[in-house]
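For reference, the structure discussed in these notes is given below.
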Amino acid sequence: MNNSNDLMLRIRRMTKVFFPGTSNEKIALNRVNLDLEKGEFVTILGANGSGKTTLFNAICGTLELDDGIVILDGSDITWEKEHKRALHISRIYQDPQMGTAPNLTIAENLALAYTRKASPSLFPLNKKDYRFFHEQLEILEMDLELRMNTKIGLLSGGQRQAVSLVMEIISQPKLLLLDEHTAALDPQTSEKILDVTNTFVRNAGVTTMMITHNVQDALTNGDRTIVFSGGKIVHDYRGAERDALDPNDLQKLYG
Amino acid sequence: MTIAQVLSAVQLGLLYGILAVGLYIPFRILDIADMSVQGTFTMGMIIAAVFSYDRMPFLGIIVAILGGAICGVITGILHTKFNIPSILSGILTMTAIYTVNLIIASGKANISLIGKDTIYTIADKMIGNDQITKTIVTLLIVVLMTTLISVFFHTRTGLTIRATGDNAAMVRHTSINTDNMKMIGLGLGNAMAALSGALISQYNLFADVNSGTGILVVALAAIIIGETLFRRNGVTLGLISTVVGSIIYRFIIAIALKFDVLPSYALNLISTIIVIIALMVPAIKETRDRQAKKRLHLELANKYLNNNNNVLTTTDKSISDKKNISDKENISEKENMSDKKNMSDKKNISDQLLDKKSGGKNE
C-alpha cells in the first residue's frame, strides 16, 4: 500500500521489558509495529503506563530496546547514540523546565538549538541568525521577540514551552515528538501553544507525534490517532473513520 | 599598610585570581566541583620551575598550561566516559598528579630558582623597578586571560559549555556531545590553574610539590567573595568578580596577619573561616530579611486587627441602631396598618410601577 520511500519512521517488533525476571516485571512495549508517512501528524492516546512515553524514549534513544528495529528516513537508528539521533529528532516535554537552559537568554537558547543548522560562524549570535530568531518568535504573537536578551528562567511555563517549540522547529527535525507538551499549562495558554504547534508543524511539514490525555485535542489536531494499551497499539484511526469518532466513545477506552 | 604591602597583596591577588578563574570554570559554569585543580596548580609550578631552571621560562609556562589541560581532560574522561562521580575523578587525578610532579622534579620535593631567569626578571631588565614589573606583568597576563576566556565563552563552543552546565539534557537534545563540552571546560580550567602555579613559582623563585595544600579553599574564597559582593551575573562579570574577589581576599589575609590575630602558619584556618563567613552571608541575610518582614507584617496585622475590631464594634452599633429604628418603624407601621389611606398609597405606588412596566395597558 505504501511505498517504503514515503515512510519517515518505521518501527518493527519494538519490545521493552522493565525489571525482567522479577515480580515487578512490566512489559512496557510489546512487539509494537508502527509506520509514519512523511509529514504525518499523529496524536497518541492511552492511559498512564500504556507505553506511550516508553515509545518516545525508545525512539529518542534515552532507553535501549530489548528487541526491535527503528528506521528513520531509511536509516537504521536502533543503536545510534542519543545525541546523534537528536540531530533529526526533536522532543518537547511536559515539564517546561526541561527543554530550555534557564541561565541563558532566549536568543542564546535559540542559537544553541540552531547550532547544527546555522551557517558556520565563530559567534552564535550574528545579525543574520538574530533576525531569523526574531521572525520566528514573532509568529508566536507573545511579544517574546522584544525580550530576546531575557534569561529563560524568568519566563512563565507557557512562554518557556513556546520558546522550546521555536527551538525544536528551527533545528529542522525529521521527526517531532510532543510529550504532553501542553499538560502543565492553563487552558488558554494550552490552546495557544496547540495553535502555534499546528502552525509550525504545517509550515515545516514535519512528521509529528503528539501524546495527549485530552481526547478532544487528539481528534481535532493532526490527521491520525493511535490508542495505546498495555504496551500495544490497540486502535489506529484515520481519515473518515477518525472524523466519525465521538470523543465520548473514545473516552471510554480509558475506563 | 605600606605601598609595598598593598602592591604585594594586589600581585598575589591577581596571581591566585587566575587559579580562582581556573576553578570558576568547572565549579560555576559546568557545575562540577573539580578537585584536580589542586594537583594541576602544583604541576604548573613544578613544570615552570624545571624549565626556568634550564633557562626556558617562557616555554615552561606554555608547557605548564598544556600539562594542566591534559590533566583536566583526563579528569573529564574519568567522569564522562567511565561514569566516575566528578568529585572522585578529581581526587583520583589530583592524587596521581602528586607522583607525576615528583617525577617531573626528578624526585626532588622542591626547586629553587634563585639566580635564574624568569619572565619577571627578564621584564625587570626593561622596566627597572621590581615591584612595578611584577604588578604590570601579572596584570597584563590576567587581563589577557580573562578577556580570552570571556570571548571564548561567547563563541558557539563556549555557549554550548555554558548550556551544558545549565541543562545538560537539553544540550544532548540539540545533538551536541555534552561529554566533549565537559572535557573542554575541565581542560580549560586546569590549564588556568597550571598557569597560575607556573607564574607563582617564577614570582616566588621557588616551587614545592606540597604547595597545593589548601589551595582549593583559596580559590573558593575568591569566587565566593566575588559573588557575595557582585552577585552572579553573566560569565564576563563572573570572571572579573572572581579576580577582584581574589585581590580582596589577599587584603583580608594581609590585615589578619598584620594584626597578629593568628600566627602566620594559621593561613589555612583563616582562609577557611573567610570562606565560611562569605558562604554564611546569604543565609544570614535571608533570615534577617525574613525576620524584618515578619516584624513589619505583625505590626501591620496588629494595627489592622485593632482597627478592624473598632470597625466591627461600630458597625455592630450602627446595625443594632438601625435594627432599633426599623423595629420602631415596624411598630409604627403596625400601628398604621389600620390606616387605609396608607395602604391605598402603597397600592397606588405598586399600580403605577405595574403600569410603567406594562406600558400603560391599564389605561
Item to complete: Check B:SER241 against each of (1) buried (at least 22 other Cβ atoms within 10 Å of the Cβ); (2) without any contact (Cβ under 8 Å) to a residue 40 or more places away in the chain; (3) within 13 Å of chain A (Cβ to nearest Cβ) and name the one condition it does not meet.
Response: (3)
Worksheet item: Inside the range A:50-69, can you point out the residues that are of a type in the set (A, V, I, L, M) and within 14 Å of the chain's Cα centre (by Cα)?
Response: A:LEU55, A:ALA58, A:ILE59
Worksheet item: Can you name the strands (runs of 3 or more DSSP E) wholly within the range A:173-248 that have at least 2 residues being crowded, with 18+ Cβ neighbours inside 10 Å and in contact (Cβ under 8 Å) with a residue 60 or more places away in the chain?
Response: A:175-179, A:207-211, A:224-229
Response to the item:
The one condition B:ASP54 fails out of (1) farther than 20 Å from B:ILE84 by Cβ; (2) touching a residue at least 60 places away in the same chain (Cβ under 8 Å) is (2)
Discussion item. Suppose the filter is more than 7 Å from every other protein chain (Cβ to nearest Cβ), modelled with pLDDT of 90 or more, within 23 Å of the chain's Cα centre (by Cα) and under 20 Å from A:SER156 (Cα atoms); does A:ILE139 pass it?
Written reply: no
Worksheet entry | Residue in the range A:62-85 that is within 24 Å of A:VAL166 (Cβ to Cβ), of a type in the set (A, V, I, L, M) and more than 10 Å from chain B (Cβ to nearest Cβ) present | yes
Worksheet item: In the range B:78-97, how many are in contact (Cβ under 8 Å) with a residue 24 or more places away in the chain, outside any loop (DSSP other than H, G, I, E, B) and surrounded by fewer than 17 Cβ atoms within 10 Å (Cβ to Cβ)?
Response: 3
Item to complete: Go through the range B:133-164 and give me each residue that's free of Cβ contacts under 8 Å to residues at least 40 places away in the same chain, away from chain A (no Cβ under 13 Å) and of a type in the set (Lys, Arg).
Response: none
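Conditions tested, residue by residue: (1) part of a helix (DSSP H, G or I); (2) closer than 23 Å to A:ALA183 by Cβ; (3) facing chain B (nearest Cβ under 7 Å).
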site	(1), (2), (3)
A:LEU87	no, no, yes
A:ARG91	no, yes, yes
A:ASP95	no, yes, no
A:GLY99	no, yes, yes
A:ALA111	yes, no, yes
A:ARG116	no, no, yes
A:SER121	no, no, no
A:PRO124	no, no, yes
A:ASP129	yes, no, no
Worksheet entry | Only listed residue being in contact with a Leu (Cβ under 7 Å, 6 or more places away or on another chain), part of a helix (DSSP H, G or I), under 19 Å from B:LEU195 (Cα atoms) and among the aliphatic types (A, V, I, L, M), chosen from B:ILE70, B:ILE65 | B:ILE65
Practice prompt. Please work out which residue is farthest from the chain's Cα centre (by Cα), limiting yourself to the range A:70-115 and to residues that are more than 19 Å from B:THR178 (Cβ to Cβ) and of a type in the set (Gly, Ala, Ser).
Written response: A:ALA107
Discussion item. For the list (1) out of contact with any Asp or Glu (no Cβ under 6 Å at 6 or more places or on another chain); (2) under 30 Å from B:THR164 (Cβ atoms), I need the number of the one condition that B:THR80 fails.
Written reply: (1)
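The values are calculated or read from the model by the stated rules, or taken from the named source; none is laboratory data. All figures in this text were calculated on a predicted structure; none of them were measured in a lab. Glycine gets a Cβ as well: all are built from the backbone with ideal geometry, and neighbour counts include every protein chain shown.
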